[in-house]
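The values are calculated or read from the model by the stated rules, or taken from the named source; none is laboratory data. What you see is a predicted model; the values in this text were computed from it and never measured. FYI the Cβ positions are ideal-geometry reconstructions off the backbone, even for glycines, and counts take in every protein chain you see. Just the protein is used for accessible areas: all its heavy atoms, side chains included, with ligands, DNA and RNA removed. Shrake-Rupley method; radii C 1.70, N 1.55, O 1.52, S 1.80 Å.
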Amino acid sequence: MVEHTVVEGVRWDAAEQCVVVSVRPDARRRHRCGECGRTSPRYDAARGRRRWRDLDHGTVRVFLEADAPRVCCRVHGPTVVAVPWARHGAGHTLVFDRQTAWMAAECSKSATAVLMRTSWRTVGRIVARYVADRDAGSDRLNGLRRIGIDEISHRKGQKYITVVVDHDTGRVVWMADGHGKSVLNGFFDSLGAVRAAGLTHISADGAGWIADVLALRVPATVRVMDPFHVVAWATEALDTERRAAWNRARREAGDREKARALKDSRFALWKNEADLTDRQVAKLAWIQITDPRLHQAWRLKETLRTVFTLARTRPTAALAALDRWIGWARRCRIDGFVELQRRIGRHYDAIRAALVTGMSNGLIESTNTKTRLIIRRGFGFHSADAIIALVMLTLAGDKPTLPGRQRRTE
């Protein structure tokens with residue numbers, strides 16, 4: 001059964017169609033306060049005997065039944081006695097909670113509720129209890145040095161969740177419903193001025209609301225611009241030029257065949273140069289001959305991507321390459337890339353920090369991917385709180401293990 005528990009008897013409850021196991025705490029665990037665990041004198045019988053739901057035996061439900069008197073704790077006053085097989089105030093045993101939490105981490109809450117023969121809301125409460133017990137005595141916000149900040153859309157209609165991860169542990173440390181300055185300020189309020197001063201690097205995308213809050217709350221911390229988003233800006237500028245080239249061929253020159261070929265060149269232009277197929281290489285060679293301006297835009301995109309690739313082994317050379325790229329883009333006379341170099345100039349220090357430190361938002365993008373998997377697995381959620389609870393269960397600490405199993409080692 002469980003430690004520190006004495007089995008007094010087993011019977012079949014015909015009315016409830018379940019097995020009832022009569023138990024009591026052993027002598028060393030009797031008359032302890034349910035809040036603090038101190039040995040305390042008996043106060044009264046409270047509501048008498050009560051039951052706790054245990055794991056099923058095959059297809060038969062099992063309950064533990066025991067007296068649940070109150071004790072008079074010198075700190076908490078009259079309190080229901082603690083029992084070794086369940087959390088204080090819970091209606092399920094510890095092993096029931098643990099198996100339910102494991103299932104919630106591995107499959108949808110709806111499937112977990114069906115298999116465990118409980119409600120969807122009860123699964124949510126069990127998850128919350130498990131996370132609270134796992135994180136008891138620890139503070140995820142302590143000792144933070146390098147963090148990443150991002151947002152993820154969880155529902156249609158611009159519904160977002162703000163996510164903060166620790167680059168050093170790879171774990172989620174904070175999540176909240178919504179996005180914007182007020183939400184991110186809530187994180188720094190929870191962190192406090194002293195711990196915020198200990199932050200050395202913060203990675204994020206180019207969102208203005210993130211930059212504004214960081215400049216106000218942690219002005220001395222190095223902000224690192226995520227390279228993925230910078231290259232994504234270049235891809236957007238390239239696609240804008242591709243559409244302009246298509247319109248020029250279709251409307252100005254009246255060359256429908258060229259316009260059709262340019263329309264079908266999107267994937268060749270987007271793809272990394274090293275990954276191009278022979279057909280896509282031929283497409284780019286044709287673009288170089290027929291539309292040098294569009295080919296120059298593609299070369300600008302690829303060169304910027306190469307800058308961040310170079311930073312992995314030669315950060316100093318990458319810094320010089322970035323400066324040369326900015327000068328090239330400033331003189332290229334392609335509107336999208338002229339504007340892009342201005343945009344990069346506004347985030348210049350953060351982008352240079354990315355080249356020097358090698359940091360990126362790859363970790364938090366991985367977290368967002370796993371969060372989307374949780375949302376898809378549950379066929380959507382009515383509230384952000386349910387998503388946050390499951391993310392904190394699976395990504396903010398050690399994942400639950402099945403009762404009686406040892407944690408697997410990598």
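Brief remarks follow.
- Flag if ASP168 is charged (D, E, K, R), at negative phi, modelled with pLDDT under 95 and in a strand (DSSP E or B): no
- Pick from the range 216-233, criterion under 19 Å from LEU144 (Cα atoms) and in a helix (DSSP H, G or I), ranking: most open to solvent (accessible area, probe 1.4 Å): LEU216
Condition check ((1) crowded, with 17+ Cβ neighbours inside 10 Å; (2) in contact with a Pro (Cβ under 8 Å, 6 or more places away or on another chain); (3) at pLDDT below 95; (4) farther than 22 Å from VAL165 by Cα) across all residues:
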| position | (1), (2), (3), (4) |
| --- | --- |
| PHE187 | yes, no, no, no |
| GLY192 | no, no, yes, no |
| SER203 | yes, no, yes, no |
| GLU241 | yes, no, yes, yes |
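- Of all residues in the range 46-57 being open to solvent by 70 Å² or more (accessible area, probe 1.4 Å) and more than 16 Å from ALA15 (Cβ to Cβ), the one that is modelled with the highest pLDDT: HIS57
- Residue ranges of helices (runs of 4 or more DSSP H) in the range 263-358 with at least 3 members touching a residue at least 40 places away in the same chain (Cβ under 8 Å) and under 26 Å from ALA207 (Cα atoms): 292-310, 335-346, 348-357
- ALA311 passes every criterion in (1) modelled with pLDDT of 95 or more; (2) open to solvent by less than 20 Å² (accessible area, probe 1.4 Å) apart from (1).
- VAL6 modelled with pLDDT of 95 or more, in a strand (DSSP E or B) and more than 22 Å from ARG125 (Cβ to Cβ): no
- Some residue of the range 47-65 being among the small types (Gly, Ala, Ser) and at positive phi: yes
- One residue stands out in the range 171-185 among those that are free of Cβ contacts under 8 Å to residues at least 60 places away in the same chain and part of a loop (DSSP other than H, G, I, E, B): the one that is most open to solvent (accessible area, probe 1.4 Å), namely HIS179.
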